[in-house]
Amino acid sequence: MTSPTPSPTPTPSSQRPEPPTVEELEAQELRLILPHFTYEDAWALGTLLVGLARERQAPVAIDITRGGQQLFHAALPGSTPDNDAWIHRKRRVVERYGCSSFLVGTRFRAKGTTFEESSRLDPDMYAAHGGAFPITVRGAGVIGTVVVSGLPQASDHALVVEALERFA
């Protein structure tokens, strides 16, 4: 009889990084305004995200939409159809609020409530969880979204931000 594989030791909460603040998330959005965003840019950003996710063996789905048109979509090994449902729900939050889904959820938590309790929006249609980020073009505003789903929300968000920082 073989001995069971030990489960990973959870990281004590004192060693987990603190979630970003409203101010930090707002600063990311101001920093990541793009000069333009073309079909070629969607391909470049999407393939950059796929490369980062593959390096980390991240079981994610990735989606880039501009003006209601899906320009890029990839589902990596380990992702599921549920990730696509999360993509749609998180993207709707960005489209409604004009900022990242993580920022929206963080703003509600900073007020001592949750998005689900206080937004009055259908949680089957909207999810203020990290991973959806606005594609903002200088002089045009928010023109689309880039979304990652499959990791914990802070990690989904961080992956998108890292890719946008490399891309910009």
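The values are calculated or read from the model by the stated rules, or taken from the named source; none is laboratory data. This one's a predicted model, so the numbers in the text were calculated from it and none came from an experiment. Don't worry about glycine lacking a Cβ; one is built from the backbone with ideal geometry, like all the others, and counts go over all protein chains shown. Keep in mind that these areas ignore ligands, DNA and RNA; they rest on the heavy atoms of the full protein, side chains included. Shrake-Rupley method; radii C 1.70, N 1.55, O 1.52, S 1.80 Å.
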Quiz item: What shape does segment 60-145 have by the C-alpha gyration tensor, where a ≥ b ≥ c are the square roots of the eigenvalues, rounded means a/c under 1.5, and otherwise prolate means a/b greater than b/c and oblate the rest?
Solution: oblate
Self-check item: Charge dipole (debye, nearest 20) of the chain; +1 at Cβ of Lys and Arg, -1 at Cβ of Asp and Glu
Solution: 120 debye
Quiz prompt | Helix-only CD estimate at 222 nm, as mean residue ellipticity for the chain, using -39500 (n - 2.57) per DSSP H run (n ≥ 4) | solution = -13500 deg cm²/dmol
Quiz item: Stokes-Einstein at 25 °C, 0.890 mPa s, Kirkwood radius from Cα pairs: D for the chain in µm² s⁻¹?
Solution: 148 µm²/s
Quiz item: In terms of the Cα gyration tensor, with a ≥ b ≥ c the square roots of its eigenvalues, is segment 114-168 rounded because a/c is under 1.5, prolate because a/b exceeds b/c, or oblate?
Solution: oblate
Quiz item: Where Lys and Arg each count +1 and Asp and Glu each count -1, what net charge lies around Ile33 among other residues with Cβ under 14 Å from its Cβ?
Solution: -2
Self-check item: Of all accessible heavy-atom area on the chain, the percent that carbon and sulfur account for (1.4 Å)
Solution: 53 percent
Quiz item: Just how far, in whole angstrom, is segment 108-142 from segment 21-35 if you go by their alpha carbon centroids?
Solution: 15 Å
Practice problem: Would you mind counting up the charge near Thr145? Only other residues with Cβ under 13 Å from its Cβ, with Lys and Arg at +1 and Asp and Glu at -1. | Solution: +2
Quiz item: Taking Cα pairs under 8 Å and at least six residues apart, what relative contact order does the chain come out at, in percent?
Solution: 26 percent
Practice problem: Compute the Cα gyration tensor for segment 28-105, then decide on rounded, prolate or oblate, letting a ≥ b ≥ c be the square roots of its eigenvalues: rounded whenever a/c is under 1.5, prolate when a/b is larger than b/c in the other cases, and oblate in all that remain. | Solution: oblate
Exercise. Find out how many positive minus negative residues lie around Leu76, taking Lys and Arg as positive, Asp and Glu as negative, among other residues whose Cβ is under 15 Å from that of Leu76.
Key: -3
